[in-house]
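Worksheet: one structure, shown below.
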Amino acid sequence: MRQSCAVAAAVLDKMCRFAKEGVSTYDLDMCAKSAMDELGCRSACYRYKGDSSRYPGYACISVNDEVIHGIGRKDRILKSGDIVSMDVSVFYKGFVGDNTRTVMIGECSPEVKKLVEATGMALELGISAAVAGNRVGDISAAIQGYIDACGYGIVRDFTGHGVGRNMHEDPAIPNYGRAGTGPLLRAGMTLAIEPMITMSRSADIFIDEDGWTVRTSDGSPSCHIEHTVLVTDDKPEILTVLAK
Ligand code: MF3
Ligand code: CO
């Protein structure tokens, strides 16, 4: 898991450095693909089976009101003020690493900067609660407490998840919930924690006609940040970091 997560982090880092004004989201997806080829890993998203079709991209690339599962497009050119979330899940030596970052393109509004910072803080707080002896609800409540206080919305239709030999394993990790409830966390569990936060309090979403892209109903911007984390008896270990 340490290795697959380090590789997932390396692919994501390459994409983040490539994401600039004038670059299309298709170019970003091709950047992901070539990084995966170079590192000898395979996208866990490519051809992933959904309700009506298989996911056609290598990484999920979601801009502004797109929450998750955006598909790279040649006619979607990044411009100053956009935020773009890039979600990279890879198979490497039989294990999955899963991580997401949202980057700001050029100059973003102070409101958008705050949203991105708050989502990062919510993830940090959620990770801090991922300790053996706690429950999943402790992670959820840490995220929800912070985001509610900010006045932002929490997307409820999608959650974080266990991750291991498969991308989506038990337990589900909602970004809302009550402390002290849910499955018990034990040392050795690996969890993908991933708040999906909307600027407006209403976090209603719908699925675009492409069958994949999840968008906010009111068009408000959305931020998504994710790490894969190892639960220990002591401090959680963030696995999706670049290898030293
Ligand atoms: N990587 C995403 C997650 O964090 C899932 C993407 S599945 C896809 O759970 F097929 F839609 F790409
Ligand atoms: Co995930």
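The values are calculated or read from the model by the stated rules, or taken from the named source; none is laboratory data. As the structure is a computational prediction, the values presented were derived from the model and not from experiment. When we count neighbours, we look across all protein chains shown, and the Cβ atoms used for this are built from the backbone with ideal geometry, even at glycine.
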**OP:** Identify the residue in region 46-102 that is over 16 Å from the mean Cα position of the chain (by Cα), within 9 Å of ligand 1 (Cβ to nearest atom) and not in a loop (DSSP other than H, G, I, E, B) and, among all such residues, is surrounded by the fewest Cβ atoms within 10 Å (Cβ to Cβ).
**Re:** LYS49
**OP:** May I ask you to list the residues in region 182-200 that are within 16 Å of ligand 2 (Cβ to nearest atom), over 16 Å from ASP148 (Cα atoms) and not in a loop (DSSP other than H, G, I, E, B)?
**Re:** THR190, LEU191, ALA192, ILE193
Original post:
Does ILE143 qualify as being within 16 Å of SER220 (Cβ to Cβ) and either at pLDDT 95 or above or among the basic types (Lys, Arg) (or both)?
Top reply: no
Subject >> Matching residues, region 40-89, being in contact (Cβ under 8 Å) with a residue 60 or more places away in the chain, out of contact with any Phe, Trp or Tyr (no Cβ under 9 Å at 6 or more places or on another chain) and of a type outside the set (Ser, Thr, Tyr) >> reply: ASP51, ASN64, ASP65, GLU66, ILE83, VAL84, MET86, ASP87
Subject >> Members of region 146-160 found to be part of a helix (DSSP H, G or I) and under 19 Å from the mean Cα position of the chain (by Cα), listed by number >> reply: TYR146, ILE147
**OP:** Mind listing just one residue for me: the one in region 79-129 that is in contact with a Leu (Cβ under 6 Å, 6 or more places away or on another chain) and farther than 13 Å from ALA19 by Cα and, of those, nearest to ligand 2 (Cβ to nearest atom)?
**Re:** ASN99
Original post:
Any idea how many residues of region 143-157 are buried (at least 23 other Cβ atoms within 10 Å of the Cβ) and more than 17 Å from HIS224 (Cβ to Cβ)?
Top reply: 0
